[in-house]
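> Here it is, the structure in full.
The values are calculated or read from the model by the stated rules, or taken from the named source; none is laboratory data. Please read all numbers here as calculations on a predicted model, not as lab measurements. Here Cβ is always computed from backbone atoms with ideal geometry, including for glycine, and neighbour counts include all displayed protein chains.
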Amino acid sequence: MSQKSWHLSRRTFLRGTGVAIALPWLEAMAPRVGFGASAEPTPPVRMGCLFYPNGAYPKDWTPTTAGAEYELTTCLEPLAKVKSEVLVLSGLDKAKSHEGDGHYAKDANFLTGLHVNKTDGRDISAGGISMDQLAAQQIGSRTPLPSLEVGVDPVDSGVDTNVGYTRLYACYISWRAPNIPVAKELNPRAVYDRLFGAKAGAQKSSDDDRSLLDLALQDANDLRRKLGRDDQVKVDEYLESVRSVEKQIEFASKPDARRWHPAAPAELVPPPEGRVRDYQKHVELMLDLIVLAFRTDQTRIASFMFANSVSGHNFGPYIDGVHGGHHEMSHHSNNPDKIRQYSLITRWHVAQFSRVLEKMSDVKEGAGTLLDNSLILFGSGMSDGNRHNPADLPILLGGRGGGAISSGRHVASPEGTPLCNLYVSMLDAMGVDVPRFGDSIGKLKGIAV
């Protein structure tokens, strides 16, 4: 590719009427040789924290051998294509979660690792700031959005009288302070507009009916002519990926015209515009938006809740052989059929995680990929949901953190190793200097390069 006499800023945007769309990493953004800078830029490290509820059946989750030659278990088989890019981590624990009963004391502190105060809601506390928000405090100013918190289920209220905890604990994993949860966005359209610049509250005009990409098309064409061939391909591929997600959102927010709909009374309260009716599509859209946010450097920190704690989502429409709710199957009482369904649901969640990693590994960035320059945590706040056990948690870590992590293995830590040791290692890879976090006693051994 011929050398260009000009240079693009990493913060370059395509602009249209009320729209600003960030670009992916391009070679034209590399510092020019001869100006005291290296020819190869160093892409930033991104961190995603994906939470799923109700744990996993240990025998169907944990590999029997450690190292790179481990065999994928029933729950982990969807990782086959990305096995070399994933750490399976066993032996990790949240000691402070042993202090409370039920799900709330295990899940609200998924990213804090500290004691969850038993309360009816008047004095909530997850023990401390969550590790994603600690990272946002230190490095969030480097991107338009310090962090992005998204989910699927709305906030619940009231008290779970079975255990005496407020249901608010079920709805959050990100905490700005011990008593201040960070609200998650549930509407894919709202997330998209937040990421890509739609003006909130602007007066509706004919432009509102046009694609955000159409608004910025002229700017994109002008920029494209100035780029080298490789960067032109990257811009074309990137713009198409944004348009694809936009089309998915528009389609998913409307009734599917290709399906027959029985005559039935109209809903008393129709879903708000942009709300997705199909759970699986909702999950996929939110995860795709996180990938786009990372790809455009709109944020480097994101969290996602597949569902609230104690989720009873029925996976029957999405998984053959499943006939009940997630929470019901997690309380399997050693019933073989319930265990089978429980593991199928866990396997579905792992497949969504694998799908994210595959998408990120397809995005070339610098000398590697977007996945190489990311850390994607996937896990639950308990292991066996039948016992509400917070020991030996089902935890996966995708990506290499910009070269800080040696991936593609099962790392079996000693029993009782703090989960927060992993968080210290992840924060270190992000450039956040914290020798201790939560109940950590240092970095997690055996995962660094």
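> Out of LEU444, LEU371, report the one residue that is buried (at least 23 other Cβ atoms within 10 Å of the Cβ) and either at pLDDT below 95 or farther than 26 Å from LEU114 by Cα (or both).
Testing whether each residue is buried (at least 23 other Cβ atoms within 10 Å of the Cβ) and either at pLDDT below 95 or farther than 26 Å from LEU114 by Cα (or both) leaves just LEU371.
> Need at least 1 residues that are in contact with a helix residue (DSSP H, G or I) (Cβ under 8 Å, 6 or more places away or on another chain) and among the acidic types (Asp, Glu) per element, so show me which helices (runs of 4 or more DSSP H) inside segment 54-158 make the cut, counting only ones lying wholly within it.
58-61, 104-107
> Another one. Could you tell me whether PRO435 is part of a strand (DSSP E or B), surrounded by fewer than 22 Cβ atoms within 10 Å (Cβ to Cβ) and either within 16 Å of the chain's Cα centre (by Cα) or not hydroxyl-bearing (Ser, Thr, Tyr) (or both)?
So PRO435 fails the test.
> Within the set of pairs 6 or more residues apart or between chains, which connect a residue that is farther than 12 Å from LEU111 by Cβ inside segment 168-190 to a residue that is assigned to a helix (DSSP H, G or I) with Cβ atoms less than 6 Å apart?
TYR169/TYR104; GLU185/VAL191; PRO188/ILE249; PRO188/LEU285; ARG189/ILE249
> In segment 120-142, which residues are hydroxyl-bearing (Ser, Thr, Tyr) and at pLDDT 95 or above?
SER125, SER130 - these are the residues of segment 120-142 that are hydroxyl-bearing (Ser, Thr, Tyr) and at pLDDT 95 or above.
> Just give me the residues in segment 40-53 being part of a loop (DSSP other than H, G, I, E, B), farther than 16 Å from LYS94 by Cβ and not acidic (Asp, Glu), in sequence order.
PRO41, THR42, PRO43, PRO44, VAL45
> Taking the residues in segment 113-154 that are out of contact with any strand residue (DSSP E or B) (no Cβ under 7 Å at 6 or more places or on another chain) and of a type in the set (Lys, Arg) as candidates, determine which candidate is nearest to SER380 (Cα to Cα).
This residue is ARG122.
> Next up: Only one residue in ILE319, ILE290 is under 23 Å from the mean Cα position of the chain (by Cα), crowded, with 16+ Cβ neighbours inside 10 Å and over 30 Å from SER130 (Cβ atoms), so which one is that?
Step by step, each of ILE319, ILE290 is checked, and only ILE319 is under 23 Å from the mean Cα position of the chain (by Cα), crowded, with 16+ Cβ neighbours inside 10 Å and over 30 Å from SER130 (Cβ atoms).
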